[in-house]
Amino acid sequence: MTQWSREMRYRKLEDATQAEIKELTEKVQASSYRQQYHIQPSTGLLNDPNGLIYFNGQYHISHQWFPLGAVHGLKYWDHYTSRNLVNYKHEGVVLEPDTQHDSHGVYSGSAFEFEGVLYYMYTGNHRDQNWERKSSQIVVKVKDNGQVEKLLPPAIAEPPIGYTQHFRDPKVFIKEGKLYALIGAQRTDETGCAVLYEATRPEGPWHFKGEIQTALTNFGYMWECPDYFQLNGKDVLVFSPQGIASEGARYKNIFQSGYIIGELNFDTLEMTHGDFIELDNGFDFYAPQTLTDEVGRRVMIGWMGLPDTEYPTDKEGWAHCLTLPRTLVIENDILKQKPHMHLRQLRMNKETALGYANKFLKQLHPYEGQQYELVIDILDNEASAIEFHLRASKNEATVIRYETETQKLILDRFDSGALPSPVEGTSRQTVLHTPLRQLRIFIDTSSIEIFCNEGERVLSSRIFPQKNANKIKVSTDSGQVYLQMTKYDIQGGNADE
Ligand code: FRU
């Protein structure tokens, strides 16, 4: 595998020759793991979704991008537009590291609309000669012709006293006419938190308002990618804490993304809230960001990947993708995440089957594929446990297991094919709030997203099976289950460049 020196990782796109980019692009295109309907990098590494907004009839979706290889190098924002959130047009680089403040990366940030104009605020990552990090928050104005203007000096030149240079990922929102920027931070005692700034205009001045006061005063060493929104009358704070140890079946991934729900007082910044709950119980989900869609639904998109982990595509010159958009709602005090309704626009070739499954592993004909949506309705369940084997062949299978009595749902990647590493264990599990009634599963060439009971729980994971692992099988431990399976092929979705 390529040894990535610091010089190689911090090369700009224009420092690479055309021949190098062509060679890399061809290598990536030859990968058998390329996705069909998820946003993925043309080359190199994708991470956090950035600058999500519905503006002037169009969605804008950008992401963190290092173009020259599958490592965390010099970050750009790569940009897509969409009319419906599910078919995308690749627009190319929108923000590049071209100032002293972002010389070592245009880090994560958000989009907002002010007086009919689109703006971004992102973190400029700079390293000095001693490789000491300097973080600033920079506002960008997007002109009518799409050209971007960085408003310098940075809107927030440095972290406030009491916080380290781990200070990034501003999420700007507007409340009662005021602009707020919520920023992920680390206190000087190396605990994580989120802080709030306010302004009356994008160009500032931006005033430090204070830290969001939660009960999680010692919860990890850094909170990345915070987000705030109101949903069904509640205040929701989303963030990605680093440094939380695993606890039984919880917090198994290297870093987590989750939320707290309650009430945030914007005068005192005190937040009363319930437990921190992980947003996704799969293997690969991090740094999500939300936007409101064309009718005001709250929609979330995450990074289907994690830092500090090697993925099987790294050696092919690319890594990661974004998740599908999910609509958030609070129902019966539970935050639910449902596949965005526009995803139905990608459906074609519907096939349905109704029948019993029992302890003999049965292959469902003619259900085959590497990219599809599968809806499984559990109509009557007398089985002690049900297993669905997806992307299955003689040697491979990604297993979803549901244990009736405990309402536990398990995703097992043991036989899925190539695996990322290091990753703790090969299974992830969650307990459903109510007995399993429905699974809605999106399979792409190298990913699985499982929505349980209309979004009560979601499990998102990358999987790297071989091409011939395309069967669907079902069985029970004992007893039988009556199922309706509906499978749709998926049409398009991917960037129509
Ligand atoms: C989260 C993150 C952010 C940062 C970005 C850099 O994955 O570490 O905190 O802005 O990635 O690429």
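Cα centroid separation, region 167-208 to region 259-300: 16 Å. Loop-located GluC sites (Glu not before Pro) across region 85-194 with a Cβ neighbour count of 15 or fewer within 10 Å are 115, 132, 176, 190, with loop assigned by DSSP. The convex hull built on the alpha-carbon positions of region 143-297 has an orientation-averaged projected area of 10.9 nm². Under 1.5 on a/c is rounded, so check that first for the chain, then, if it is not, pick prolate when a/b is larger than b/c and oblate when it is not; a ≥ b ≥ c are the square roots of the alpha carbon gyration tensor eigenvalues. It is prolate, given that a/c is not under 1.5 and a/b is the larger ratio.
What is the sum of charges, Lys and Arg at +1 and Asp and Glu at -1, for the other residues whose Cβ falls under 13 Å from the Cβ of residue 393? Combined, the nearby Lys, Arg, Asp and Glu give +2. Applying 1/(1 + (r/R0)^6) with R0 = 45 Å to the Cβ-Cβ distance of residue 294 and residue 477 gives a FRET efficiency near 0.50. Cross-link pairs exceeding 21 Å in C-alpha to C-alpha distance, out of 89/315; 171/209; 27/315; 362/394; 252/394, comprise 89/315; 252/394. Over region 69-160, the fraction of Cα-Cα pairs per 10 Å bin, rounded to whole percents and listed from the shortest bin up, is 15, 45, 29, 9, 1.
Principal-axis analysis of the Cα atoms of the chain puts helix 18-29 at an angle of about 30° to the longest axis. For region 261-364, relative contact order (Cα pairs under 8 Å, six or more residues apart, normalised by length) works out to 15 percent. Note on region 296-440: Rg/Rh from C-alpha atoms, Kirkwood Rh, equals 0.96. Based on C-alpha pairs under 8 angstrom that are at least 6 apart in sequence, the chain has a relative contact order of 14 percent.
Residues with beta-carbon under 14 Å from that of residue 378, excluding residue 378: net charge, scoring Lys, Arg +1 and Asp, Glu -1? Within the 14 Å Cβ shell, the charges total -4.
Taken one residue at a time, the phi angles of region 265-276 give Karplus couplings (6.51, -1.76, 1.60, θ = phi - 60°) of 8, 6, 7, 9, 6, 7, 10, 8, 7, x, 5, 6 Hz. Gly and Pro are set to x.
The chymotrypsin sites (Phe, Trp or Tyr not before Pro) of region 372-474 that meet both conditions, a loop assignment by DSSP and at most 14 other Cβ atoms within 10 Å of the site Cβ, are 414.
Estimated at 0.36 nm per residue, the fully extended path between residue 17 and residue 157 surpasses their Cα-Cα distance by 47.0 nm. Based on the Kirkwood approach, the hydrodynamic radius assigned to region 15-121 is 14.8 Å, with every pair of different Cα atoms included. The tail of the calculated P(r) for region 30-83 beyond 17 Å holds 41 percent of all Cα-Cα pairs.
Relative contact order, whole percent, for region 147-256 stands at 20, derived from Cα pairs under 8 Å and 6 or more residues apart.
Summarising the amide proton neighbourhood of residue 48: residues at separation of 5 or more, or on other chains, whose placed amide H is nearer than 5 Å comprise 64.
Taking the Cα centre of each part, how many Å lie between region 308-377 and region 228-249? Cα centroid of region 308-377 versus Cα centroid of region 228-249: 24 Å apart. Ignoring the sites themselves, the chain has its longest run without trypsin sites (Lys or Arg not before Pro) in a DSSP loop having at most 11 other Cβ atoms within 10 Å at 144-393.
Pair-distance distribution of region 332-380: all C-alpha pairs, bin width 10 Å, starting at 0; shares per bin in whole percent are 15, 41, 30, 13, 0.
Summed over qualifying helices (DSSP H, 4 residues or more, each -39500 (n - 2.57)) and divided by its residue number, the chain shows a 222 nm mean residue ellipticity of -1000 deg cm²/dmol.
Net charge in the neighbourhood of residue 225 (other residues with Cβ under 13 Å of its Cβ; Lys, Arg +1, Asp, Glu -1) is -2. All Cα-Cα distances of region 73-119, cut into 5 Å bins from zero to the largest, leave 5, 18, 18, 24, 21, 10, 4, 0 percent in each bin in turn. Taking other C-beta atoms within 10 angstrom as a stand-in for reagent exposure, 214, 290, 272 fall in the order 272, 214, 290, fewest first.
Bear in mind these aren't lab numbers, they're just calculated from the coordinates by the rules spelled out. Everything numeric here is computed off the predicted structure, so don't read it as measured data. Every residue, glycine among them, receives a Cβ derived from its backbone with ideal geometry; neighbour counts consider all protein chains shown.
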